[in-house]
Each structure stands twice: as C-alpha cells, then as structure tokens.
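Engineer: Sharing a structure with you now.
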Amino acid sequence: SSSKIKVDLDSSTGIAVMKFQNPPVNSMNLEFLTEFSIGLEKLELDKSCRGVILTSAQPKIFSAGLDILDMYGKTPEHYEEFWRAVQDMWLKLYGYSKITIAAINGSSPAGGCLVSMASDYRIMADNPRYRIGLNETQLGIVAPFWFKDTMVNTVGHRTTELSLQFGLMYSPSDALKIGLVDQLVPEENILSTATETMTKWLDIPDHAREISKSMLRKPTVDRLLASRDADIKNFVSFIAKDSIQKSLGLYLTMLKQRKV
Ligand code: CO8
C-alpha cells in the first residue's frame, strides 16, 4: 500500500521526521489517520527515537484537516469508524511521551490546527498567505470538546471563545501574537530550525520532562477516555443530520468553485 506519511529516523540524533504526503492537501482520511497513529506508536516504542518533527511534503499546506469526504454521504458505520480513528490519533499525539514539534510549512485549518496544537512546540513558516485555526463553525459544524480543550490549553479561554465561535483563521503573525504558534521562521529554514529546537528539548532529561508533560496533559486526555463512546455517538448523530450534510455539501461546492 502506498504510504501517506514518510518517516525518517536519525538514530544518531534520536530525531524522527514524519512528513505528511497525502496530495493534494494532506487531508486526513481514515487511511491517513490509521497510518499516523501506527507510525507514532512505533516511534514511541523505538528506544532510538526521542523526538518527532511533524511537517508536510506538500507545498503551501501543512494539512487541510479532516477529510470532509469521510464525513459526507457515508453510512453511520463509516462515521463511527472514522471518528474512532480521529480520537485514536489525538489520544496518541496529545498524550505522547516523546517530544513533538510541528514544523507548520503551510496552511493548517481545523484538524491540521489540532495536530499542531497537540504537539509540544509549534514553528510556522512566516508566509503571510498561510492560515491556521479551528474554522469548524464556518462549515456549520462544531469542534468537539476535546478540540476545544486542546485550544484552551494552548491559547487560553478568552481567545478560544472568539476563535471557536467565529471559526477564526489566523495569519502567522496573528497566530504568534495569540500564542497559537511559538515561533515564525522563513519558510526555507523551517526544518533546520525545528531540528535545532529539538536539540534544545533533548538536553532535558527525558524522564523528568515526560512526567511534567503528563502532569499537564493527562487530565485532558482522561476526559475523552472517560467518554469515548458517547463522543462517537454524538458525532455520528450530529454529522448524519440532513441540515449538517447540507452545510457540508455547500462547503464542498464552495471549495470547488473557488478555484477556476
Ligand atoms: N477534505 C476533503 N477534501 C478537501 C479538503 C478537506 N478537508 N480540503 C480541500 N479538499 C479538496 C478540495 O475540494 C479540492 O478538491 P478538487 O481538486 O476535487 O476540487 C482539492 O482538495 C484541492 O483544494 P483547493 O483547490 O482548495 O486547494 P488550495 O491549495 O487552493 O487550498 C486549502 C488549500 C487552504 C487547504 C483549502 O483547500 C481549504 O481551505 N480546505 C478546506 C479546509 C477545511 O475547512 N477543513 C476543515 C475540515 S473539518 C475538520 O478538520 C474538523 C472537523 C471536526 C468534526 C466536527 C464534528 C461534527
């Protein structure tokens, strides 16, 4: 099967790079999500890996977020399987024991923003055309509580109130201002900067850093673990509604008409 994520582990430095390569826009479909979770799991078990850099092989796009086609016109069984895969990916990444750095080399809406926020550190290319944010309400859908929790934990409650309700997408400089990303760099330096930054994180004893990370994140992870099935049920009944399907259909049409 053709791989949607290229994994390169340098065992001399302990740094792995996971490069998303699901053209054209790295949308996260079921296959991508499964490969992502398994890839993360493998690296977590690999003693020669200490940190993971997430980046994109596609020009201009980090990830377009969840694949809308997995949420449109499918069966309830499909929605259920898809949503479980989304949960699995986030549970793995947000609760990851090793260091994760997102090298955001392009736009990063919705699920792309979630992946970025679930990492330990975010470096974004300073291209003013790029956007990042949780834009779900713009599609007429609602970011679930654990997307919201992840954002609150990253930028705080008030910024999340505005962001989520408006479905705000931020330019790199605005994202830096609100703390949605930690650092901006010229696009061509993004991987070298991510590697240098990772080296600094690697100076900290793993065990102490890991426990500190877990102390901060475990309550948020546990909230979803305590209600996974209810969250799936909720997603399936919400996404299957006629009115929601209609909104998604209009959004897909808008995406297609926007080019020409
Ligand atoms: N899913 C499926 N297909 C997509 C997606 C997507 N997320 N994004 C883009 N595509 C498709 C486009 O329709 C287009 O298809 P085609 O070639 O057949 O016309 C193709 O990919 C290329 O897209 P563009 O021409 O738009 O490429 P650009 O380079 O001009 O723009 C962008 C790239 C900026 C990524 C742009 O495509 C975009 O804004 N996409 C939409 C992103 C988006 O809104 N994602 C939200 C997904 S929802 C989500 O992640 C969380 C949902 C939470 C669950 C809610 C519970 C109910």
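The values are calculated or read from the model by the stated rules, or taken from the named source; none is laboratory data. A quick note: this is a predicted structure, and the numbers were derived from the prediction, not measured. FYI the Cβ positions are ideal-geometry reconstructions off the backbone, even for glycines, and counts take in every protein chain you see. The area values use the complete protein model at the heavy-atom level, side chains included, leaving out ligands, DNA and RNA. Shrake-Rupley method; radii C 1.70, N 1.55, O 1.52, S 1.80 Å.
Engineer: Considering the stretch 51-77 alone, what residues qualify as being in contact with a Lys or Arg (Cβ under 9 Å, 6 or more places away or on another chain) and either more than 28 Å from PRO219 (Cα to Cα) or near the ligand (Cβ under 8 Å from one of its atoms) (or both)?
Structural biologist: Scanning the stretch 51-77 gives SER56, ALA57, LYS60.
Engineer: How many residues are more than 11 Å from the ligand (Cβ to nearest atom) and either over 23 Å from the mean Cα position of the chain (by Cα) or touching a residue at least 40 places away in the same chain (Cβ under 8 Å) (or both) when one looks only at the stretch 233-244?
Structural biologist: Kept after step one, since they are more than 11 Å from the ligand (Cβ to nearest atom), are these residues of the stretch 233-244: 233, 242-243.
From what is left, the residues that are either over 23 Å from the mean Cα position of the chain (by Cα) or touching a residue at least 40 places away in the same chain (Cβ under 8 Å) (or both) are 242-243.
Residues flagged as more than 11 Å from the ligand (Cβ to nearest atom) and either over 23 Å from the mean Cα position of the chain (by Cα) or touching a residue at least 40 places away in the same chain (Cβ under 8 Å) (or both) within the stretch 233-244 amount to 2.
Engineer: Shifting gears a bit: Restricting to the stretch 203-260, give me the number of residues that are over 21 Å from TRP83 (Cα atoms), part of a helix (DSSP H, G or I) and of a type in the set (A, V, I, L, M, F, W, C).
Structural biologist: 7
Engineer: From the residues in the stretch 94-108 that are under 13 Å from SER56 (Cβ atoms) and open to solvent by 10 Å² or more (accessible area, probe 1.4 Å), which one is nearest to the ligand (Cβ to nearest atom)?
Structural biologist: Initially, the stretch 94-108 is screened for residues under 13 Å from SER56 (Cβ atoms), giving 102-108.
From the residues that got through so far, the ones that are open to solvent by 10 Å² or more (accessible area, probe 1.4 Å) too are 105, 107.
On the way: ASN105: 13, SER107: 4 Å.
It comes out as SER107.
Engineer: Now for a different question. Condition first: within 13 Å of the ligand (Cβ to nearest atom), closer than 22 Å to VAL221 by Cα and open to solvent by 20 Å² or more (accessible area, probe 1.4 Å). Now tell me which residues in the stretch 110-142 satisfy that.
Structural biologist: Within the stretch 110-142, VAL142 is the sole residue that qualifies.
Engineer: Go through the stretch 217-232 and report how many residues are under 27 Å from TYR121 (Cα atoms) and in contact (Cβ under 8 Å) with a residue 40 or more places away in the chain.
Structural biologist: Counting residues in the stretch 217-232 that are under 27 Å from TYR121 (Cα atoms) and in contact (Cβ under 8 Å) with a residue 40 or more places away in the chain gives 8.
Engineer: Give the residues of the stretch 155-203 that are over 22 Å from GLN138 (Cα atoms), open to solvent by 60 Å² or more (accessible area, probe 1.4 Å) and in contact with a helix residue (DSSP H, G or I) (Cβ under 9 Å, 6 or more places away or on another chain), sorted by residue number.
Structural biologist: Across the stretch 155-203, the qualifying residues are ASP182, TRP201.
Engineer: Return the residue satisfying two criteria in turn: it lies in the stretch 210-232 and is among the basic types (Lys, Arg) and open to solvent by 60 Å² or more (accessible area, probe 1.4 Å), and of such residues it is farthest from the ligand (Cβ to nearest atom).
Structural biologist: Restricting attention to the stretch 210-232, the residues satisfying the condition of being among the basic types (Lys, Arg) are 213, 217-218, 223, 228.
Subset that is open to solvent by 60 Å² or more (accessible area, probe 1.4 Å): 218, 223.
Numbers: LYS218: 23, ARG223: 17 Å.
Out of the qualifying residues, it is LYS218.
Engineer: Sticking with this one: Consider only pairs whose beta carbons are under 8 Å apart and that are at least six residues apart or on different chains; among these, list those whose first residue lies in the stretch 10-32 and is aromatic (Phe, Trp, Tyr) and whose second residue is at pLDDT below 95 and surrounded by fewer than 15 Cβ atoms within 10 Å (Cβ to Cβ).
Structural biologist: Qualifying pairs under 8 Å: none.
Engineer: For the stretch 1-54, enumerate the residues that are under 20 Å from GLY95 (Cα atoms), buried (at least 17 other Cβ atoms within 10 Å of the Cβ) and small (Gly, Ala, Ser).
Structural biologist: Within the stretch 1-54, GLY14, ALA16, SER37, GLY39, GLY51 qualify.
Condition check ((1) closer than 28 Å to ILE190 by Cα; (2) more than 13 Å from the ligand (Cβ to nearest atom); (3) modelled with pLDDT under 95) across all residues:
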| site | (1), (2), (3) |
| --- | --- |
| GLY39 | yes, yes, no |
| CYS49 | yes, yes, no |
| TYR79 | no, no, no |
| TRP90 | yes, no, no |
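Engineer: Taking interchain pairs and intrachain pairs at least six residues apart, which have beta carbon atoms under 8 angstrom, with the first residue in the stretch 127-154 and of a type in the set (Lys, Arg) and the second away from the ligand (no atom under 11 Å from the Cβ)?
Structural biologist: Once the first residue is of a type in the set (Lys, Arg) and sits in the stretch 127-154, its partners that are away from the ligand (no atom under 11 Å from the Cβ) give ARG131/TYR170; ARG131/SER171; LYS148/THR160; LYS148/LEU164.
Engineer: Here is a follow-up. When LEU176 is evaluated against the numbered criteria (1) within 14 Å of the ligand (Cβ to nearest atom); (2) free of Cβ contacts under 8 Å to residues at least 60 places away in the same chain; (3) among the hydrophobic types (A, V, I, L, M, F, W, C), which criterion, by number, is the only one it fails?
Structural biologist: The one condition LEU176 does not meet is (1).
Engineer: Could you list all residues from the stretch 55-70 that are surrounded by 21 or more Cβ atoms within 10 Å (Cβ to Cβ) and either assigned to a helix (DSSP H, G or I) or of a type in the set (Gly, Ala, Ser) (or both)?
Structural biologist: SER56, SER63, ALA64, GLY65, ASP70
Engineer: Could you give me the residue pairs with C-beta distances under 9 Å whose first residue belongs to the stretch 181-205 and is closer than 14 Å to ASN127 by Cβ, whose second residue is open to solvent by 70 Å² or more (accessible area, probe 1.4 Å) and part of a loop (DSSP other than H, G, I, E, B) wherever it lies, and which are 6+ apart or on separate chains?
Structural biologist: If the second residue must be open to solvent by 70 Å² or more (accessible area, probe 1.4 Å) and part of a loop (DSSP other than H, G, I, E, B), the pairs left are LEU184/ASP126; VAL185/ASP126; PRO186/ASP126; GLU187/ASP126.
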